[in-house]
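Written out below as structure tokens is the structure these notes cover.
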Amino acid sequence: MTLSSRIEDHMRPTSLLAPPESGCGVPAAQADTDTARAVEALLASWLGQRLAEAGTLDRLFCDEVARPVAEFVLRGGKRLRARFAWWGWRAAGGPAEGDEAETALKVAASLELLQALALIHDDVMDRSELRRGEAAVHVGFAARHRGAGLTGSAEDFGLGGALLAGDLALVWAEEMFAEAHHPEATAANVRSLWRAMRTEMVAGQYLDLRTQAAAEPSPERALRVAALKSAAYTVERPLGIGAALGSAPAALLRRLEAAARTAGLAFQLRDDLDGVFGDPADTGKPSGEDVREGKHTYLATLALQRARQSGDEEARDTMCRALGDPCLTPAGLDDFRAAVARVGARAAVEERIGTLVRQSMADLSRAHAPEPAAQRLAELVHAAARTAPDPVATSASANRGER
């Protein structure tokens with residue numbers, strides 16, 4: 001079966017959205033128990049209302065643009081950004097229930113709409129055909145074009161439709177964020193962080209585009225891209241927004257953001273490893289997609305640098321041939337993986353992830369966040385980096401947080 005055939009198989013209808021009158025929202029009081037579920041229930045209810053509005057505007061727009069965006073948002077994901085925002089709120093002493101908690105949960109949920117924008121546009125820029133194990137949004141638009149017998153290029157239609165779908169996700173993110181009634185004392189700080197995060201996303205995405213066009217960028221440049229494109233808006237800014245919403249003292253906010261900065265970078269470096277060595281069943285994307293796209297990730301640039309410095313021309317030639325080859329075979333991918341491992345780049349990135357996680361845990365310990373936030377944030381750091389928690393260290397961090 002061809003890749004295109006497998007993608008068409010994923011173009012099946014879904015029914016993730018509840019009607020707006022169904023009362024499917026989960027009270028914020030349940031967010032401590034299962035933050036992701038509480039966020040998803042809120043999103044399902046809120047997006048149901050947006051679809052009702054879209055239907056009154058134009059049925060075609062509702063069915064072909066608004067509904068696919070809403071279903072994409074609800075299709076899955078770890079909800080890391082929302083979870084970091086919620087536990088930043090709780091770490092700052094924000095209550096687990098009540099009107100203020102509902103505001104915090106809504107702010108956390110708005111981050112998932114912003115994430116949808118980033119993923120939809122990222123897949124367009126990378127020409128990725130799968131996302132979370134299903135057809136990417138632009139592929140869905142192209143399939144819809146072919147199914148409706150429209151004129152012109154299905155691929156061009158797909159790209160244009162996905163750009164608009166991403167724009168709609170951004171509009172919805174801004175609307176949901178604005179609907180959350182920020183306390184006057186924290187509103188300016190929270191909005192400042194929100195604005196910074198949006199600009200950093202665009203800067204990171206452009207630098208990623210620019211880096212891919214460079215002949216052989218340095219690992220340092222790749223880290224800069226990772227810090228702006230993923231680390232900041234995945235962990236640092238969400239955690240900071242939640243903590244700022246809870247009126248966190250300056251010292252606490254600084255320590256939480258420091259912990260989030262290193263955790264976010266660990267998250268991206270793990271993503272780099274998964275892009276080469278990951279299992280598609282876990283990543284939701286074809287194995288080796290970063291290699292075929294010629295992604296100049298930290299892993300790839302470090303491997304090339306090490307091969308050059310060690311004089312391993314065979315490894316360097318193998319990697320250079322593979323990077324950017326859209327027709328790379330499974331055997332060629334295996335050769336690339338072997339070359340990366342042989343020059344020590346895979347082990348070096350794993351080691352750096354471990355170092356970053358330890359730094360993040362140390363900063364969390366110094367933050368002295370109250371429970372259960374201290375423990376949950378420690379767990380989230382490991383979840384982001386996909387590392388196994390150290391029970392002794394995690395317990396010690398949590399105990400120090402109680403003081």
### Message
Apply the a/c threshold of 1.5 to the C-alpha gyration tensor of the range 80-231 and tell me whether it is rounded, prolate or oblate.
### Response
oblate
### Query
By the gyration tensor of its Cα atoms, with a ≥ b ≥ c the square roots of the eigenvalues, what is the shape of the chain: rounded for a/c under 1.5, prolate for a/b over b/c, or oblate?
oblate
### Stretch gain in nm, segment Ser192-Glu175, where the contour uses 0.36 nm per residue and the Cα spacing is subtracted
4.5 nm
### Summary
The ³J(HN,Hα) series, computed from each phi in the range 222-234 with the Karplus coefficients 6.51, -1.76 and 1.60 at θ = phi - 60°, rounded to the nearest Hz and given as x for glycine or proline, is 4, 5, 5, 4, 4, 5, 7, 6, 10, 4, 5, 8, 8
### Query
Of the residues Lys106, Lys78, Lys285, which exhibits the maximal mean-square fluctuation in a Gaussian network model of the chain defined by a 10 Å Cα contact cut-off?
Lys78
### Query
Under a 1.4 angstrom probe, counting protein chains only, how are Arg81, Arg342, Arg386 ranked by accessible area, largest first?
Arg342, Arg386, Arg81
### Query
Which value, in Å² and to the nearest 10, is the accessible area of Arg254 when all protein chains are kept and the probe is 1.4 Å?
150
### Query
Stretch Glu220-Gln309 to full length: gain in nm at 0.36 nm per residue minus the Cα-Cα span?
30.5 nm
### Query
GNM, the chain, Cα, under 10 Å: largest mean-square fluctuation among Gly149, Gly275, Gly354?
Gly149
### Query
Which of the lysines could a cross-linker span from Lys106 if the Cα-Cα distance has to be under 18 Å and same-chain partners fewer than 8 positions apart are dropped?
Lys78
### Query
Largest first, how would Glu175, Glu97 line up by accessible area (1.4 Å probe)?
Glu97, Glu175
### Task
Determine the calculated [θ] at 222 nm for the chain from helices alone, applying -39500 (n - 2.57) to every DSSP H run no shorter than 4 residues and normalising by the residue count; nearest 500 deg cm²/dmol.
-23000 deg cm²/dmol
## Note on the structure
Heavy-atom accessible area of the chain with neighbours in place, 1.4 angstrom probe: carbon+sulfur share in percent works out to 53
### Query
What residues qualify as long-range amide H neighbours of Leu130, i.e. H under 5 Å apart, gap of 5 or more or another chain, H built at 1.01 Å from N?
Ala136
### Message
Students often forget the sequence filter, so: which lysines lie under 20 Å Cα-Cα from Lys295 once same-chain residues fewer than 8 apart are removed?
### Response
Lys229, Lys285
### Message
Using alpha carbons only, how many angstrom separate the centre of the range 27-52 from the centre of the range 91-155?
### Response
16
### Query
Which shape class, rounded, prolate or oblate, goes with the range 263-346 when its Cα gyration tensor gives a ≥ b ≥ c as root eigenvalues, a/c under 1.5 marks rounded, and past that a/b bigger than b/c marks prolate?
oblate
#### Entry: For the range 19-159, accessible area per residue (1.4 Å probe, heavy atoms of protein chains only), Å²
38
### Task
At 1.4 Å probe size, with no ligands or nucleic acids counted, give the accessible surface of Val65 in Å², nearest ten.
30
#### Entry: Accessible area per residue in Å² at 1.4 Å probe, computed on the range 279-387
44
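The values are calculated or read from the model by the stated rules, or taken from the named source; none is laboratory data. Remember, it's a predicted structure, so these values are computed and weren't measured experimentally. We work out accessible area using only protein heavy atoms, side chains counted, and drop any ligands, DNA or RNA first. Shrake-Rupley method; radii C 1.70, N 1.55, O 1.52, S 1.80 Å.
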